[in-house]
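First up is the structure itself, then whatever we jot down about it.
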Amino acid sequence: MLFSSVTFLYCFLPVVLIMYYIAPGIMKNAVLLISSLFFYAWGEPLYVILMVASILIGYVSGILIEKTRGTKAAKPVLAVSLAINIGLLGYFKYSDFFIENFNAATGLSVPLLNIALPIGISFYTFQLISYLIDVYRGDVPSQKNPVSLGAYISMFPQLIAGPIVRYSHINDQLSNRKISFEGIADGVTRFAIGLGKKILLANQLGELCDIFRQSNDKAVLFYWMYGVAYALHVYFDFSGYSDMAIGLGKMLGFDFCENFNYPFISKSVAEFWRRWHISLGSWFRDYVYIPLGGNRVSKPRWIFNILVVWMLTGLWHGAAWTFVVWGLLFAALLVAEKIAAPLLKKMKILNHVYVIFVILISFIIFNASDLSQAASDIAGLFGAGGIPAVSPESLYYLRSYAVLFVLGIIGSTPAVKSLVLKVKETKVGEKIVYAARPFAVIALLLLVTAYLADGSFNPFLYFRF
């Protein structure tokens, strides 16, 4: 069930919120767990069993890890717990990838398993892993109430595509959270903004990307339009979902971590990744990079640590060599930036141009079906193969999508937010913004509903992760 669907907006969500608000405090987690499992079962009726099994495994593992902490049995218990969770993720997500590469390397024809990927398994598995490691470290106590742990793991606002919410961040909120009118109003506003980003920007840019793929009239201009459109599409699609998740969390009394902070204004790749998919970057930092030694090791070992982290980051996004290359590209860029730091400080404005260029290239690789297509698309940016600089079709779509490009570029910067904050600096401005907010939210929801009722293009990119 998509957040950006009529079924979710006008059936599921209102019913769940009514049940949740009227339920006594002690029952709210139960309502959240049941509604989350129903939400998941709507799209994955069979794999809801896997979800429940993962919750039970995590519950038992957490208690055992806490009981053995400080003894020789602690590490083996943690290792077994992690092996089960990583094993399930590996089986469902990477089995066919490894079989394909095994067949290519050996010349054999081992049949593929053709396993359907459970939606959101990458996200909830990482949440379970962080919970178990934090219990092992003594950072949090194990959760003794299986309903509360189940509500945390299966929580529908961030179940499908994050942000990756750590147990340590919402442990207290699971048992002690306050629901206020102000929080609900903020949540509705944030949800509406995310929904607008998804439907009005991401979906339209995604349509242009599909048009490009189907076109037989390619030109250099069209390749650049595709690269920019896809980068903006991914940003508004994923950040829009994160906004919706954070907004839903506020409606339920939770404060989820921010997941995006205007990454396209970055002046280095390192800064970009401090602003893009923040919850994933911090997860790999705290549970892979630092345990490997981080940067407090020799330079060769530090480079190795970077390569490991970014290869895993690439594989986390998908079981294909395009994702591995995408991850290793960022590893190489981060190492190069570290070495060339003095030079980058002198470049100033050119830094931003460099970051936008390499990010655009990275997204072209990210979206390619294979490495051959990635190479072809990148070559197309520079007119390889004798393709023309412009074509009638590329000019037509540039005119058709020009306004959308402008809105997308402006929307990817803090310009609108800064303007609103500037207006709110005065008492009159603050009153105007406060009074206008409900009308703006209603207008945005009506506009989005009109698009949905029209049956417009409405996929969600991160379902495949």
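The values are calculated or read from the model by the stated rules, or taken from the named source; none is laboratory data. Please read all numbers here as calculations on a predicted model, not as lab measurements. Methodologically, a virtual Cβ is constructed for each residue, glycine included, from the backbone with ideal geometry; neighbour enumeration extends over all protein chains shown. Keep in mind that these areas ignore ligands, DNA and RNA; they rest on the heavy atoms of the full protein, side chains included. Shrake-Rupley method; radii C 1.70, N 1.55, O 1.52, S 1.80 Å.
Once you sort the root eigenvalues of the Cα gyration tensor of segment 236-305 as a ≥ b ≥ c, which label holds: rounded (a/c under 1.5), prolate (a/b larger than b/c) or oblate (the other case)? Cα axes put segment 236-305 in the oblate bin.
In the context of the full set of protein chains, the chain has a per residue accessible area of 46 Å² (1.4 Å probe). Each 10 Å bin from zero holds the following percent of Cα-Cα pairs in segment 288-328: 35, 42, 22, 1. In whole angstrom, segment 115-167 maps to an equivalent ellipsoid with semi-axes of 21, 12, 10, each derived as √(5λ) from the alpha carbon gyration tensor and ordered largest first. For the residue pairs Lys267/Lys427; Lys178/Lys424; Lys197/Lys422; Lys198/Lys424; Lys28/Lys427, the C-alpha atoms sit more than 30 angstrom apart in Lys267/Lys427; Lys28/Lys427. Here the convex hull built on the C-alpha positions of segment 143-235 has a volume of 120 cubic angstrom per residue. A DSSP coil position with no more than 12 other Cβ atoms inside 10 Å describes none of the chymotrypsin sites (Phe, Trp or Tyr not before Pro) in segment 24-53. Measuring nothing but protein heavy atoms, the accessible surface of segment 1-146 at 1.4 Å probe radius is 73 percent carbon and sulfur. Toward the positive end of the charge dipole of segment 260-325, with +1 on the Cβ of Lys and Arg and -1 on the Cβ of Asp and Glu, the farthest Cα among Phe264, Gly293, Val325 is that of Gly293. The solvent-accessible area of Val140, taken with every protein chain present and a 1.4 Å probe, is close to 10 Å². Values of log10 I(q)/I(0) for segment 36-140 across q = 0.11, 0.15 Å⁻¹ run -0.44, -0.72, by the Debye formula with one identical scatterer at each alpha carbon and no solvent.
Taking the Cα centroid of segment 404-420 and of segment 165-195, what is the distance between the two, rounded to the nearest whole Å? Distance between centres, Cα-based: 25 Å.
The H on the amide N of Ser266, modeled in the peptide plane, is under 5 Å from the matching H of no residue at least 5 residues off or on a different chain. Heavy-atom accessible area, probed at 1.4 angstrom with all protein chains present, ranks Thr322, Thr68 as Thr68, Thr322, highest first. Normalising the Debye intensity of segment 358-448 to I(0), with uniform scatterers on Cα atoms only, and taking log10 at q = 0.10, 0.16 Å⁻¹ returns -0.53, -0.89. Look at the dipole of segment 1-149 built from charges on Cβ: of Ala83, Gly138, Val16, the Cα furthest out on the positive end belongs to Gly138. Straight-line cross-link partners of Lys348 among the aspartates and glutamates, defined as a Cα under 18 Å from its Cα and at least 8 positions apart when in the same chain: Glu271, Glu337. Computed from phi, the 3J(HN,Hα) profile of segment 433-444 under the Karplus parametrisation 6.51, -1.76, 1.60 (θ = phi - 60°) reads 4, 5, 6, 7, 4, x, 5, 5, 5, 4, 4, 5 Hz, with x in place of Gly and Pro. With a ≥ b ≥ c the root eigenvalues of the C-alpha gyration tensor of segment 79-134, is it rounded (a/c under 1.5), prolate (a/b larger than b/c) or oblate? Because a/c hits 1.5 or more and a/b exceeds b/c, segment 79-134 counts as prolate. P(r) tail for segment 1-44: Cα pairs beyond 15 Å make up 43% of the total.
Placing Ile121, Ile26, Ile133 in order of accessible area, with the largest value first and a 1.4 Å probe, yields Ile26, Ile133, Ile121. For segment 207-358, taking the reciprocal of the average inverse distance between every pair of different Cα atoms yields a Kirkwood hydrodynamic radius of 17.5 Å. Each residue of segment 404-416 is assigned a 3J(HN,Hα), and the resulting list reads 5, 4, 4, 5, x, 5, 5, x, 8, 10, x, 4, 5 Hz, derived from the Karplus form 6.51 cos²θ - 1.76 cosθ + 1.60 (θ = phi - 60°), x at Gly and Pro. Helical runs assigned H by DSSP (4 residues or longer) give the chain a calculated mean residue ellipticity at 222 nm of -23000 deg cm²/dmol, each run adding -39500 (n - 2.57) before division by the residue total.
Once divided by 2.2 N^0.38 Å, the Cα radius of gyration of segment 278-409 becomes 1.29.
Relative to the Cα centre, the charge distribution of the chain, modelled as +1 at Lys and Arg Cβ and -1 at Asp and Glu Cβ, gives a dipole magnitude of about 1500 debye. Taking all protein chains together, Phe382, Phe264 sort by accessible area into Phe382, Phe264, largest first [probe 1.4 Å]. Rounded to the nearest 20 debye, the dipole magnitude of segment 18-121 is 520 debye, with +1 charges on Lys and Arg beta carbons, -1 on Asp and Glu beta carbons, and the Cα centre as origin. With only the Cα atoms considered, the chain has a convex hull volume of 185 Å³ per residue. If you average the alpha carbon positions of segment 82-134 and of segment 274-309, how far apart do those two centres end up, in angstrom? That distance is 22 Å.
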